[in-house]
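Working notes, beginning with the structure itself.
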Amino acid sequence: MVLFIDILNYLVNCFLAYQGAIISLNYDIYNKSASHTHPHKYKAVLCGFITAIGGGTIRDILYNKSPSFINDKFGLFTIILFAIIGAFYSNN
């Protein structure tokens, strides 16, 4: 049962990172000046990373646990990977 919950945790964090990057590109929240005509994909990766870390932290605090990203290096890697995939390989 613990393995299923861990896999589900990774899947949810990957989804949050991917969607956070795509939504920041769709709303173009970093491209407000006229001199920039391309979306800021690196900032979209950062936005996806923050979305996944924040969502996981809120979940862990509500369950009265320490945040899982502190000790889980594989989880951080998957969050960064899916934020990069969302920002650079989406159709935006």
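The values are calculated or read from the model by the stated rules, or taken from the named source; none is laboratory data. As the structure is a prediction and not an experimental result, all values here were calculated from the model. Each accessible area value is taken on the protein alone, full model and side chains, heavy atoms only, with ligands, DNA and RNA left out. Shrake-Rupley method; radii C 1.70, N 1.55, O 1.52, S 1.80 Å.
What length, rounded to one decimal in nm, is gained on full extension from Phe69 through to Phe88, with 0.36 nm per residue of separation minus their alpha-carbon distance? Each step should come with its number before you reach the end.
Working: separation 19, 0.36 × 19 = 6.84 nm, distance 2.36 nm.
Separation in residues times 0.36 nm, less the Cα-Cα distance, equals 4.5 nm.
Roughly what angle does helix 41-62 make with the longest principal axis of the chain, taking Cα atoms, 0 to 90 degrees, to the nearest 10?
Orientation of helix 41-62: about 30 degrees from the principal axis.
At 0.36 nm per residue, and after removing the present C-alpha to C-alpha distance, how many nm does the segment from Lys43 to Leu76 gain when stretched out fully?
10.2 nm
Using a 1.4 Å probe on the protein heavy atoms only, what accessible surface does Phe77 show? Give it in Å² to the nearest 10.
Approximately 120 Å² of Phe77 is accessible to the 1.4 Å probe.
Any chance you could give the angle, 0 to 90 degrees and rounded to 10, that helix 2-27 forms with the longest Cα principal axis of the chain?
Roughly 10 degrees between the two axes.
Using only DSSP helix segments of four residues or longer, with each worth -39500 (n - 2.57), what per-residue ellipticity at 222 nm results for the chain after dividing by its residue count and rounding to 500?
-24000 deg cm²/dmol
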